[in-house]
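Notes for the one structure printed next.
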Amino acid sequence: MEDAAMLAEVEELLRVMPSRDEMHQETPENLSWTGRVAAVLNQWNTTKAIVHRGVLDEMFTGNAVRSSRAIRKTIVILNEARHDLRMKVVAPSSVAVDSGMVFDYFDEIRKVIEPATDDVYFIDPYLDAEFITRYLPHINNDVKIRLLTSNKKLDTLQPSVEAFIQQNSSSIELRVRDDIHDRYVLVDGGTCHQSGASFKDGAKVKPTTLTQIVDAFDGVKHTYEGMWESAEVVI
């Protein structure tokens, strides 16, 4: 199988992955998903697939500790495969979106956040209620969501976040500080994209861009993790 096709398979497995609370159950859907994991890993790296085969068996032992460990290792190796394959076949992406092409902009953001398995971190001074309804439904409920914004739209953003948490039992943290100017989204601590416009307004009125940050990734991540730690906690 070509690397590009394997990458698509791995990203699909992450996208349709059962929740961690349900993954150990021996349902036909979970067993089918697990079998597909074994097949894809075997195509990606035979040696690691053989080692991981025993891990997959432990997922259904009925022992909570062993099952939880197996689930965690499976998620880790799928993410390892994803990042390894991305480095082989995917060049850093930079997308220009013309004014009025709001669906194209939305779809580019969706493709960035949908494969997340651990953490999605948005930085944007203009996050509001519209942002919540547009993007958060495309993030798996098991994924932690962090929102760093300013006080500019907090009066509409905070109630929307609280309602979303209540309905979906999602893990969302909201913090504010008023010295934010840029717009970034970091996924699983491993990729970062910068938006030329606020995430809620992308391509509505003016052309914009979505650019993957590669060379400056470590600096951006360090800066905004530090800002997160010192920001005011809202939720």
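So the values come out like this:
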quantity: Selection count, segment 143-182, where residues are of a type in the set (D, E, K, R) and surrounded by 18 or more Cβ atoms within 10 Å (Cβ to Cβ); calculated: 2
quantity: Any hit, segment 82-101, residues being under 26 Å from Ser19 (Cα atoms), assigned to a helix (DSSP H, G or I), modelled with pLDDT of 90 or more and of a type in the set (A, V, I, L, M); calculated: no
quantity: Selection count, segment 31-76, where residues are among the hydroxyl-bearing types (Ser, Thr, Tyr), surrounded by 15 or more Cβ atoms within 10 Å (Cβ to Cβ) and not in a helix (DSSP H, G or I); calculated: 0
quantity: Residue identified as in the same structural domain as Lys152 (by TED's automatic domain parsing), in contact (Cβ under 8 Å) with a residue 40 or more places away in the chain and of a type in the set (Val, Ile, Thr) among Ile71, Ile113; calculated: Ile113
quantity: Matching residues in segment 77-99 - criterion: being closer than 22 Å to Glu26 by Cβ and either surrounded by fewer than 14 Cβ atoms within 10 Å (Cβ to Cβ) or touching a residue at least 60 places away in the same chain (Cβ under 8 Å) (or both); calculated: Leu78
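The values are calculated or read from the model by the stated rules, or taken from the named source; none is laboratory data. Just so you know, these numbers come straight off a predicted model, no measurement behind them. All Cβ positions, glycine included, derive from the backbone under ideal geometry; neighbour counts span all protein chains shown.
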